[in-house]
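The values are calculated or read from the model by the stated rules, or taken from the named source; none is laboratory data. Bear in mind that the values here come from a model prediction, so they are computed numbers and not experimental data. Don't worry about glycine lacking a Cβ; one is built from the backbone with ideal geometry, like all the others, and counts go over all protein chains shown. For accessibility, only protein heavy atoms count, side chains too; no ligands or nucleic acids. Shrake-Rupley method; radii C 1.70, N 1.55, O 1.52, S 1.80 Å.
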Amino acid sequence: MPAAPESVTQARRFAEGVLAEVAEPDADHVDDVVLVVSELITNAVREVARLNRAQDDGRPVHLGLAVRPRWTHISAVDTAPDLPRETGYGPLPTSGRGIPIIRHLAAMTWVEQADEYKTVHVVVTRTGVELTPEERESLKP
């Protein structure tokens, strides 16, 4: 997707569509995944768009979803070098709320950084599900 604000809406619709096709109905899980996707892609778009302005190129952002019976694994790939960080503090921060939201909804998060891109991984479990130690081990590289 292009690093543009409309990509956030596209990513949310994509996530809703994928979950509607392959996941058993779990409205809370769908809402959680869509919210995480929105936050991840918003952050990626913001950072890559800033980088694109500085370097005058059209670097995209990528979204991946792997839906399993007990969880959904979300991955967001972008070319911005900075790692995600919480920037908004206080009762009404104007930005930086995405990381606490993701942290609250996620069973697992991690970042893989390569020379030219990074991938932010988030695993959101189904309602009432906790990952087993074996599941955790199998998910993280």
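How do the pairs read when you match residues in the range 11-34 that are part of a loop (DSSP other than H, G, I, E, B) with residues anywhere that are open to solvent by 50 Å² or more (accessible area, probe 1.4 Å), using Cβ under 8 Å and keeping only pairs 6 or more apart or on different chains?
If the second residue must be open to solvent by 50 Å² or more (accessible area, probe 1.4 Å), the pairs left are 24/69; 26/127.
Looking at the range 115-135, which of its residues are closer than 20 Å to residue 79 by Cα and open to solvent by 40 Å² or more (accessible area, probe 1.4 Å)?
Taking the range 115-135 as the starting set, the residues that turn out to be closer than 20 Å to residue 79 by Cα are 115-122.
Passing the criteria: 115, 116, 117.
Could you tell me which residue of the range 11-29 is nearest to residue 116 (Cα to Cα), considering only residues that are at pLDDT 85 or above and touching a strand residue (DSSP E or B) at 6+ places or on another chain (Cβ under 9 Å)?
11
Of the conditions (1) surrounded by fewer than 19 Cβ atoms within 10 Å (Cβ to Cβ); (2) farther than 18 Å from residue 79 by Cα, residue 2 fails just one. Which one is it?
If we test residue 2 against (1) surrounded by fewer than 19 Cβ atoms within 10 Å (Cβ to Cβ); (2) farther than 18 Å from residue 79 by Cα, just (2) comes out false.
Identify, by number, the condition in (1) in a helix (DSSP H, G or I); (2) modelled with pLDDT under 90; (3) open to solvent by 30 Å² or more (accessible area, probe 1.4 Å) that residue 45 doesn't meet.
(3)
Can you find a residue in the range 70-87 that is assigned to a helix (DSSP H, G or I), at pLDDT 85 or above and open to solvent by 30 Å² or more (accessible area, probe 1.4 Å)? Give the steps one after another, and end with the answer.
Pass one, the range 70-87, residues assigned to a helix (DSSP H, G or I): none.
Scanning the range 70-87 turns up no residue that is assigned to a helix (DSSP H, G or I), at pLDDT 85 or above and open to solvent by 30 Å² or more (accessible area, probe 1.4 Å).
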